[in-house]
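Notes follow the structure.
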Amino acid sequence: MASKKFRNKTCAYCGVPGASATGDHVFAREFFLVRHRANLPQVPACASCNSEKSRLETYLLQIMPLGANHPEAQETIQTLMPKRAAHRANKVLHDVIDNSRETVWLTVQTGQQHERIPVYLDADRLRSWCGLVGRGLAFFHWGVVTPDYKVEAIPLAPKVEHDILAMARRYKGGEYAEGSVGNGAFAYRGFKCADGEPASIWMINMYGRMPIGGDPAVSRVCANSFGVFITPRGHHEVAW
Ligand SMILES: [Zn+2]
């Protein structure tokens, strides 16, 4: 089978040696149009991490394309989502469609205001998924597993995104990775510490820098990318 190269390896997500059962697409194939699914990054995953991640993806796939800017997402909505919505188990999508009547104004990175139809999604599930993606990318690019490190995933305000990039430009000795998948639908940049320290920071944007807001009734600024910080627990400080 094609996945043999991913069997009995270290799981990229939980880091258990020899535990992998399958290859997992760091970004699930279903996020992208069929014709843009070639060469997606894949990592070894154990059965339990693989199924936890795919549960999160099943949920996010029902909602995320609706909030997107990228043409890929528009086509996904038109071609793939009706099939998903038709599935009787797909109550989440029905709720989204039935409850998306109001509009809100969001301030995008350029300072312009845009009227949008808000799509509500479970922030914890999005954060958990982004954290797994960060771990998967660290493994894919650098073969790094950090099961005992903490992973924090947060939407990056434009200022913070800018500061991280400025820091990265000054930063010497570490490693840098970037990628764009699904015809540019998702893109990421990652920075890893120098000197064998596996801590890393990832900036991930989805569906053409899909705007991510807090409570749209209060939030005036929205984020366009997610930051994933994989750092040691406790007092061990990392020098970036
Ligand atoms: Zn695992």
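Brief remarks on what is shown
- In segment 45-68, residue nearest to the chain's Cα centre (by Cα) [restricted to those that are within 10 Å of the ligand (Cβ to nearest atom) and not in a helix (DSSP H, G or I)]: Ala45
- Residue check for Lys5: on the phi < 0 side of the Ramachandran plot, more than 21 Å from the chain's Cα centre (by Cα) and modelled with pLDDT of 75 or more: yes
- If the condition is being loosely packed, with under 13 Cβ neighbours inside 10 Å and assigned to a loop (DSSP other than H, G, I, E, B), then segment 1-10 contributes Met1, Asn8.
- Taken together, the residues in segment 11-44 that are buried (at least 18 other Cβ atoms within 10 Å of the Cβ), in a loop (DSSP other than H, G, I, E, B) and either free of Cβ contacts under 8 Å to residues at least 60 places away in the same chain or near the ligand (Cβ under 9 Å from one of its atoms) (or both) amount to 8.
- Restricting segment 198-211 to residues that are modelled with pLDDT of 90 or more and more than 11 Å from the chain's Cα centre (by Cα), the residue that is surrounded by the most Cβ atoms within 10 Å (Cβ to Cβ) is Ser200.
The values are calculated or read from the model by the stated rules, or taken from the named source; none is laboratory data. Remember, it's a predicted structure, so these values are computed and weren't measured experimentally. Glycine also receives a Cβ, built like all others from the backbone with ideal geometry; neighbour counts cover every protein chain displayed.
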